[in-house]
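**Q** This is the structure, below, for whatever I ask next.
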Amino acid sequence: MKKVDHIGIAVKSIDEALVFYTEILGFRCTAIEDVESQQVRVAFLDANNVKLELLESLDITGPISKFIEKRGEGIHHIAFGVNSIEERISELKEKGVRMIDEVPKMGAGQSLVAFMHPKSGHGVLYELCEKEGMEEK
């Protein structure tokens with residue numbers, strides 16, 4: 001894993017949550033987009049040393065709605081930046097890591113994403129995130 005790419009935070013309403021993150025905490029919202037493949041609306045925040053990703057469900061049966069119904073609003077996942085997501089998925093599976101996504105999907109910000117099952121991550125949902133033009137560091 002190269003670095004923490006972002007922290008995903010499940011919220012009921014991006015519009016309401018943005019008031020807290022921008023006006024109270026002073027972070028800058030850099031973009032908002034809908035990601036139909038994940039059934040979410042995403043707001044990207046620049047929190048200086050890390051990016052935050054606010055996640056609002058587009059569908060009451062979507063994964064973010066289910067997460068909020070079960071656990072409430074809060075941290076949903078931690079994303080790690082990777083260079084070759086397919087290679088990383090293969091390596092993790094060889095080491096016994098259970099994957100939710102064995103094939104990467106298109107995620108927010110034109111990134112390829114895949115999630116590890118939280119049972120393999122000691123209760124934490126981790127995302128692999130490959131962004132176009134990402135260089136080895």
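**Q** Going through segment 32-57 one residue at a time, which ones are at positive phi and in contact (Cβ under 8 Å) with a residue 24 or more places away in the chain?
**A** The one that is at positive phi and in contact (Cβ under 8 Å) with a residue 24 or more places away in the chain: 39.
**Q** Hey, among the residues in segment 8-26 that are buried (at least 18 other Cβ atoms within 10 Å of the Cβ) and hydrophobic (A, V, I, L, M, F, W, C), which one's farthest from the chain's Cα centre (by Cα)?
**A** 17
**Q** Give 16, 33 a once-over and let me know the one that is of a type in the set (D, E, K, R) and in contact with a helix residue (DSSP H, G or I) (Cβ under 7 Å, 6 or more places away or on another chain).
**A** So the residue among 16, 33 that is of a type in the set (D, E, K, R) and in contact with a helix residue (DSSP H, G or I) (Cβ under 7 Å, 6 or more places away or on another chain) is 33.
**Q** Out of segment 1-29, which residues are within 20 Å of residue 79 (Cα to Cα) and outside any strand (DSSP E or B)?
**A** Within segment 1-29, 1, 2, 11, 14, 21, 27 qualify.
**Q** Restricting to segment 58-92, give me the number of residues that are in contact (Cβ under 8 Å) with a residue 40 or more places away in the chain and over 20 Å from residue 126 (Cβ atoms).
**A** Of the residues in segment 58-92, 0 are in contact (Cβ under 8 Å) with a residue 40 or more places away in the chain and over 20 Å from residue 126 (Cβ atoms).
**Q** Quick check on residue 32: is it at pLDDT 95 or above, surrounded by 17 or more Cβ atoms within 10 Å (Cβ to Cβ), of a type in the set (A, V, I, L, M, F, W, C) and outside any loop (DSSP other than H, G, I, E, B)?
**A** Taking the combined requirement at face value, the residue does not satisfy it.
**Q** Moving on. Among (1) at pLDDT below 95; (2) over 17 Å from the mean Cα position of the chain (by Cα), which single condition is residue 108 missing?
**A** So the condition that residue 108 fails would be (2).
**Q** Here's something else I'd like to know. Against the condition in contact with a Ser or Thr (Cβ under 9 Å, 6 or more places away or on another chain) and over 18 Å from residue 17 (Cα atoms), how does residue 114 come out, does it pass?
**A** No.
**Q** Could you list, ordered by first residue, the pairs with Cβ atoms under 6 Å in which the first is in segment 104-129 and closer than 10 Å to residue 35 by Cβ and touching a residue at least 24 places away in the same chain (Cβ under 8 Å) and the second is among the polar types (S, T, N, Q) and not in a strand (DSSP E or B), at least 6 apart or interchain?
**A** Filtered contacts from segment 104-129: 105/37; 106/37.
The values are calculated or read from the model by the stated rules, or taken from the named source; none is laboratory data. Note that the coordinates shown come from a computational prediction; the quantities given were computed from them, not determined experimentally. Glycine also receives a Cβ, built like all others from the backbone with ideal geometry; neighbour counts cover every protein chain displayed.
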